[in-house]
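Single-structure report; data block below.
The values are calculated or read from the model by the stated rules, or taken from the named source; none is laboratory data. None of these values were measured; they are calculated from a predicted model. Backbone-built Cβ (ideal geometry, glycine too); neighbour counts: all protein chains shown. Just so you know, the surface numbers come from the protein's heavy atoms only, side chains and all, with ligands and any DNA or RNA stripped out. Shrake-Rupley method; radii C 1.70, N 1.55, O 1.52, S 1.80 Å.
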Amino acid sequence: MVTKKPRIVIIGAGMAGLAAANKLYTCPISNTLFDLSIVEGGDRIGGRINSSEFCGDRIEQGATWIHGIEGSPIHKIAQDSNLLHSNQPWECMDEIYDDPITVAEGGHVLNPSFVEPISTLFKSLMDYIQGKDVQENGVISEVLKFCNLKNLSVGSFLRQGLEAYWSITKDEKGVTNVGNWSRKSLEEAIFAMHESIQRTFTSTNNLCNLDYSAERVYIMFPGEEITIAKGYSSVIDALASVLPVGMIQFGRKVERIEWQVESSRPVKLHFSDGTTLSANHVIVTVSLGVLKSGISEELNMFNPPLPNSKNQAISKLGYGVVNKVFLELSSFQDKKFPFLQMAFHQTGSLQSNPKIPPWIRRTSFICPIYSNSRTVLSWFTGQEAIGIESLTEEEIKSGFSTTVSNFLSTNGNELKFGKVLRTQWGTNPLFLGSYSYIAVGSSPDDMDTLAEPLPEIINLSDSSPPSPPLQILFAGEATHRTHYSTTHGAYFSGLREANRLLKHYNC
Ligand SMILES: Cc1cc2nc3c(=O)[nH]c(=O)nc-3n(C[C@H](O)[C@H](O)[C@H](O)COP(=O)(O)OP(=O)(O)OC[C@H]3O[C@@H](n4cnc5c(N)ncnc54)[C@H](O)[C@@H]3O)c2cc1C
């Protein structure tokens, strides 16, 4: 008698989906045991990992860094597959990254001795929040004594720290020799510049939405943070290379998942082209943004709807937009473009230059993607990241020209840019954002709730026949309580769900 193999369908060919497929397919016996396929709504693998080319350089539209190489599975794959060296220039952020100049609006290059105390203050406050050792000096120790430890958000703690710093250093002179900047307004601008970088790390529009206590649960791998010479997508290619041709089906956007049906093929997937597919187990790896919109009344992606606890976790967790803008330098007086950190006048200041567009005022830097590259890069987060998705390329170039010319001495000539590439993660219906964070009002436990498979534990005392187990499993970066928002978090989550199924079948 021929028995049907259990069918496993993975939704999404990003890092989590491919890690799960790789594990399930390469595990001895399991590839003869399961009927495995991946359905991907787009036309490529990688999801939020997308290496491409811009003006002859290899760039990353999505994931860029291996955040800490010691213990990172992504680093191990990259090293084992020889992906860390390349002859083609790539977005490596080499030594230029360690040598920034900070310039205040109006073109005032700031002396590092002015910037350093505020940078140290910011770093110490963040280290404190994250439970790391704080390099305490007299002022920092005083500042920390002033801060109220019952903070709800990272943003409120940071601002309390800045206020405490000002009250401790208030006897210092209030004027600077930097144009029309007062000491306080300049310090605030430098502090805000660091806040912007922190917003990009976490994808939150406002650090006051970022939960304070969750920062100590998040784990960073130790060691260097590096980029991947052959492109981040080469790691994805390495994972997918073992899968047989045809296992990944492209252009298969799932619109509805029918589950909790009592039959041998319990889950039914409905695709946007009207076709359907049944499976015993479905691993859902779509982003938190896609889940957020999927549980809306309008879309009803799950039928029956997900249990309340899961819906609440999806609604409460944070998920923000981060976009990158790449610009080609068409002229810069043949000078090397610096790693330019920009300290802007804050909202409402009468000193701010009205020609600088508001969408650029909360970005913190613009820099070449490697020393001497003619491609420069800037990161955007939150409202501004969403805003730039609908600007024309001309508007983006002109905004950057005005701003950079204000900050760098260009002898009265406006700096011009050639080509431009801006990512659009927020409006792309397959992502609807960039990565997740723990918002005020949620906690890492919500990520555990999101990761729980369905149906929930069966009540054995109930006389009705039990539903088939493990119908829907959840993977993806937002389901990992300590490594969320990263490629390695996504990778671990894919392994976790593959292992759950392997264990279920005693493999
Ligand atoms: C700009 C940016 C910068 C980043 N920088 C870094 C970094 O430096 N380091 C780092 O570690 N991480 C970074 N990340 C985060 C990292 O890219 C993600 O955490 C990780 O790639 C997520 O993988 P995933 O498999 O969970 O989800 P995804 O990559 O989103 O994969 C899900 C897949 O599901 C598909 N899909 C969605 N809906 C459907 C549907 N209805 N039907 C079928 N298929 C569907 C999507 O097309 C996608 O391929 C960055 C992300 C962005 C956007």
**Complete:** Of all DSSP beta bridges with both partners in the range 1-88, the antiparallel percent, nearest 5, is 40
**Item:** Between helix 15-26 and the chain: long-axis angle, C-alpha atoms, 0 to 90°, nearest 10
**Value:** 40
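Report Rg(Cα)/(2.2 N^0.38 Å) for the range 106-157, keeping two decimals. Intermediate results must be reported in sequence, preceding the final value.
Working: Rg = 13.0 Å, N = 52, 2.2 N^0.38 = 9.9 Å.
With N residues counted in the range 106-157, Rg over 2.2 N^0.38 Å equals 1.32.
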**Prompt:** Peptides 358-365, 319-326, 22-29: what's the order by average Cβ count within 10 Å, highest mean first?
**Reply:** 319-326, 358-365, 22-29
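Which whole-number value in Å² is the accessible area per residue of the chain, probe 1.4 Å?
Working: 22390 Å² over 507 residues.
That works out to 44 Å² per residue.
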**Request:** Could I get the Rg over Rh figure for the range 341-422? Both from C-alpha atoms, Rh via Kirkwood, rounded to two places.
**Result:** 0.94
**Complete:** Once normalised by the length of the chain, the mean sequence separation of its alpha carbon contacts under 8 Å that are 6 or more apart gives a contact order in percent of 24
**Prompt:** What is the set of long-range amide H partners of Val109 at a cut-off below 5 Å, with H atoms built 1.01 Å from backbone N?
**Reply:** Ala104
**Message:** Under the rule of at least 5 residues apart or a separate chain, name every residue whose amide H is placed under 5 Å from the amide H of Arg58.
**Reply:** Trp90, Glu91
**Request:** Mind jotting down the distance between the C-alpha centroids of the range 90-158 and the range 335-380, whole Å?
**Result:** 19
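How charged is the neighbourhood of Ser86? Take every other residue with its Cβ under 12 Å from the Cβ of Ser86, and add Lys/Arg as +1 and Asp/Glu as -1.
Working: positive: Arg58, Lys230; negative: Asp57, Glu91.
Within the 12 Å Cβ shell, the charges total 0.
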**Asked** Based on the alpha-carbon gyration tensor of the chain and its eigenvalue square roots a ≥ b ≥ c, which shape applies: rounded if a/c is under 1.5, prolate if not and a/b is larger than b/c, or oblate?
**Response** prolate
**Message:** At 222 nm, what value in deg cm²/dmol follows for the chain if DSSP H runs of at least 4 each add -39500 (n - 2.57) and the sum is divided by all its residues, to the nearest 500?
**Reply:** -9500 deg cm²/dmol
**Request:** Could you tell me which GluC sites (Glu not before Pro) in the range 105-142 are loop residues by DSSP with no more than 16 other beta carbons within 10 angstrom of their beta carbon?
**Result:** Glu136
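Heavy atoms only, probe 1.4 Å: what % of the accessible area of the chain goes to carbon and sulfur, would you let me know? Please list the in-between numbers first.
Numbers: 11520 of 22390 Å².
C and S atoms contribute 51 percent here.
How much of the DSSP beta bridge set in the chain is antiparallel, as a percent to the nearest 5? Walk me through the numbers on the way to the answer.
Values: 37 of 59 bridges.
Counting DSSP beta bridges with both partners in the chain, the antiparallel share is about 65 percent.
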**Asked** What angle do you read, to the nearest 10 degrees and between 0 and 90, between the alpha-carbon axis of helix 393-407 and the longest principal axis of the chain?
**Response** 40
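Give me the Kirkwood hydrodynamic radius of the range 362-507 in Å, from all C-alpha pairs, to one decimal place? If you can, show how the numbers build up before the last one.
On the way: mean 1/r = 0.0510 Å⁻¹.
Evaluated over the range 362-507, this radius sits at 19.6 Å.
For the range 76-169, what does the alpha-carbon gyration tensor say about shape, rounded, prolate or oblate, given a ≥ b ≥ c as the root eigenvalues, a/c under 1.5 as rounded, and a/b over b/c as prolate?
Values: a/c = 2.99, a/b = 1.62, b/c = 1.85.
In terms of gyration-tensor shape, oblate.
Starting from 0.36 nm per residue, how many nanometres of slack lie between Ser349 and Ser52 once their C-alpha separation is accounted for? Spell out each step's value before the answer.
Details: separation 297, 0.36 × 297 = 106.92 nm, distance 3.96 nm.
So the extension gain works out to 103.0 nm.
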**Message:** Contact order normalised by length for the range 113-216, with contacts defined as Cα pairs under 8 Å and 6 or more residues apart; what percent is it?
**Reply:** 36
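Rounded to the nearest 20 Debye, what is the dipole magnitude of the chain about its Cα centre when Lys and Arg each give +1 and Asp and Glu each give -1 at the C-beta? Display every interim value, and only then the final one.
Working: 43 positive and 52 negative charges, 135 e Å.
With only Lys, Arg, Asp and Glu charged at Cβ, the dipole is about 640 debye.
For the range 20-107, calculate the relative contact order in percent as a whole number, restricting contacts to Cα pairs under 8 Å that are 6 or more residues apart.
Details: 43 pairs, mean separation 16.0, N = 88.
Once normalised by length, the contact order is 18 percent.
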